[in-house]
Amino acid sequence: MDEFEAALGKNRKRSTFLTVLCVLTFIGSGSLVLQKLSFELLPAYLISTKGPEYPDEQEVWANDSPNDGSSSLHGSFFDAANHLINRELEYALPLVLIGIFSCLVSLGGALLMFNQKRIGYYLYIAAKVFGTIGTLWIYDFSGMVLFLLGGPMVALAIIFISLYGANLKHMR
């Protein structure tokens, strides 16, 4: 029995910090999967089959732009928000599927790292890169969207990837 446990790596001591990181990933990614499956998948499917119902863009924003032809921060912010909303409605199902897939792969990577398997780290990185680039690609990588949505996504991914990377010495 001891040889079997040694082959599985059960006798190695996992660092407390790695355990905390994995638990945080289980909670974060697991709750996102549950949220996307329970609250976002059905509406996204309905929108993708029926089509989004939103008013004409020109009609909504006609009274919001300045009349003197100058550009303002107020106008550019609302243009970016309008772009974000339209893209989210237009690509609701792919966004939800990208989110579910990347969260499930993140969970798999965290589970492997919890069992001290180094391949889990690379799986986790792939999930974060795919989820971030896939989401930002759907939003056209536009400037304000990159700042509002991409900044926090990339920052959080880099922080967790770095923290997991610091614990690679505990994995095989």
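The values are calculated or read from the model by the stated rules, or taken from the named source; none is laboratory data. Remember, it's a predicted structure, so these values are computed and weren't measured experimentally. Here the Cβ positions follow ideal geometry from the backbone for every residue, glycine too, while neighbour counts run over all protein chains shown.
So the values come out like this:
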read-out: Filter result (surrounded by fewer than 13 Cβ atoms within 10 Å (Cβ to Cβ) and at pLDDT 75 or above) within the range 8-45; value: Lys13, Thr16, Val20, Val23, Ile27, Ser31, Leu34, Ser38, Phe39, Leu42, Pro43
read-out: Qualifying residue in the range 127-136 (condition: part of a helix (DSSP H, G or I), surrounded by fewer than 19 Cβ atoms within 10 Å (Cβ to Cβ) and at pLDDT below 85); value: yes
read-out: Among residues of the range 110-134, those that are over 15 Å from Ser15 (Cβ atoms) and either touching a residue at least 60 places away in the same chain (Cβ under 8 Å) or touching a strand residue (DSSP E or B) at 6+ places or on another chain (Cβ under 8 Å) (or both), counted; value: 2
read-out: Criterion violated by Asn82 - all others in (1) free of Cβ contacts under 8 Å to residues at least 60 places away in the same chain; (2) of a type outside the set (Phe, Trp, Tyr); (3) under 13 Å from Thr25 (Cβ atoms) satisfied; value: (3)
read-out: Verdict on Phe77 being modelled with pLDDT under 95, surrounded by fewer than 17 Cβ atoms within 10 Å (Cβ to Cβ) and either of a type in the set (Phe, Trp, Tyr) or assigned to a loop (DSSP other than H, G, I, E, B) (or both); value: yes
